1. Please go through the stretch 93-104 and pick out each residue that is surrounded by fewer than 18 Cβ atoms within 10 Å (Cβ to Cβ) and part of a helix (DSSP H, G or I).
2. Find the residue count for the stretch 222-278, including only residues that are among the aliphatic types (A, V, I, L, M), exposed (fewer than 13 other Cβ atoms within 10 Å of the Cβ) and not in a helix (DSSP H, G or I).
3. I'd like to verify a number: residues in the stretch 145-178 that are farther than 30 Å from Met20 by Cα and either outside any helix (DSSP H, G or I) or β-branched (Val, Ile, Thr) (or both), how many?
4. Could you tell me how many of the residues in the stretch 105-143 are of a type in the set (S, T, N, Q), in contact (Cβ under 8 Å) with a residue 12 or more places away in the chain, outside any loop (DSSP other than H, G, I, E, B) and farther than 30 Å from Glu165 by Cα?
5. When you go through (1) surrounded by fewer than 12 Cβ atoms within 10 Å (Cβ to Cβ); (2) over 30 Å from Val217 (Cβ atoms); (3) modelled with pLDDT of 80 or more one by one for Arg162, which number turns out not to apply?
6. Condition (residue is surrounded by fewer than 13 Cβ atoms within 10 Å (Cβ to Cβ) and at pLDDT 75 or above) applied to the stretch 66-81: is it met by at least one residue?
7. So Leu146 passes all but one of these: (1) out of contact with any helix residue (DSSP H, G or I) (no Cβ under 7 Å at 6 or more places or on another chain); (2) closer than 30 Å to Arg237 by Cβ. Which condition number does it fail?
8. When you look at Glu281, is it assigned to a helix (DSSP H, G or I), under 28 Å from Asp242 (Cα atoms) and open to solvent by 100 Å² or more (accessible area, probe 1.4 Å), yes or no?
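The values are calculated or read from the model by the stated rules, or taken from the named source; none is laboratory data. All values derive from a computational prediction rather than experimental measurement. A quick note on method: Cβ atoms are made from the backbone with ideal geometry, for glycine too, and the neighbour counts reach across all protein chains shown. We work out accessible area using only protein heavy atoms, side chains counted, and drop any ligands, DNA or RNA first. Shrake-Rupley method; radii C 1.70, N 1.55, O 1.52, S 1.80 Å.
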Amino acid sequence: MIDTLTTLLTDQFGPFGPLMALGGLGVLLIIGALPLLFKRDEDPLDRLKKSQAELEEEHMALRRVETGMGDKLEKYKSFLEPTDSEEYSQIQLKLLQAGYPGKNAVRTYHFAQFALGLGLLFAGLIYSFLTNDGETSTQKMVMTVLVPAAVGYVAPRYWVTRRVESRKEEITNGFPDALDMMLVCVEAGQSLDQSIVRVAKEIRPGFPSLADEFEIVSWEIKAGKDRIQVLRDMGERCGVPDVQSFVTVLIQSTSFGTSIAEALRVYAGEMRDKRVMRAEEKANTLPTKMTLATMLLTVPPLLIILIGPAVYEVYKTLKNISF
């Protein structure tokens, strides 16, 4: 049935008939879904949230008037932000772990997905029109249009995932040195807040992501936010088990009134030992990873050197016998 429909559309509209039919069907589905999106019965809880949101909007409007900067994507908020609060929180946490703490990060992330997807979709359409010679199959044409669109839509997600992984690795590598420096500052007589500021300044050239996290902690503490909550937020933003354990140690030291310097000394020693263990683990896995490369680069030349002369002699013997 699909082949018959494809043949009919090709006969009526040419080789672009199936693609035009798919595009028209998509437009009709979008037009049909728009009334359902805009006509919804208002829930009482939604009215309550709307009243609270109006107060927040008034506050944000005052801030925009004061700074003279408006959010260009504000009017597309309903399309660029998830309506589910749990999904929104997950995406926001992932962007925080990737190093994008802005209030419009989620909105910008979804805008990048839609913009790249639609942009590469139109680029694929233009390319298929320009390279069409009348013999191009419908399947190849559809792949030329849909593959770039899918790549454009997935590219921001892939970029954010890679950023999260690289940032976690950077924080993991720089955290033992930061703890040692913090221990030195605390034992020199500085408070924990002053130590955090000092460590953020000193480690920035080597580990900027970790320095940003310490700076956020110092700013939030200066703003009057509860220290325990600030430390927990830092553990969530980093997403590294070592940092989360460090936050737990600091919270317990603060709660029970024990010495922060002693807790830092013990934990810094553990972090140094863990860094050595990670290095030894990578060193132990290196021979296994190099086995395939060693076989590919060593065995063929060795076989040529050992068996090559014998093969050549056999070839000469057979050649002489044939004559």
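1. Correct list: Leu93 only.
2. Counting residues in the stretch 222-278 that are among the aliphatic types (A, V, I, L, M), exposed (fewer than 13 other Cβ atoms within 10 Å of the Cβ) and not in a helix (DSSP H, G or I) gives 1.
3. 5
4. Qualifying residue count, the stretch 105-143: 2.
5. Every listed condition holds for Arg162 apart from (2).
6. no
7. Answer for Leu146: the failing condition is (2).
8. Spelling it out, Glu281 is indeed assigned to a helix (DSSP H, G or I), under 28 Å from Asp242 (Cα atoms) and open to solvent by 100 Å² or more (accessible area, probe 1.4 Å).
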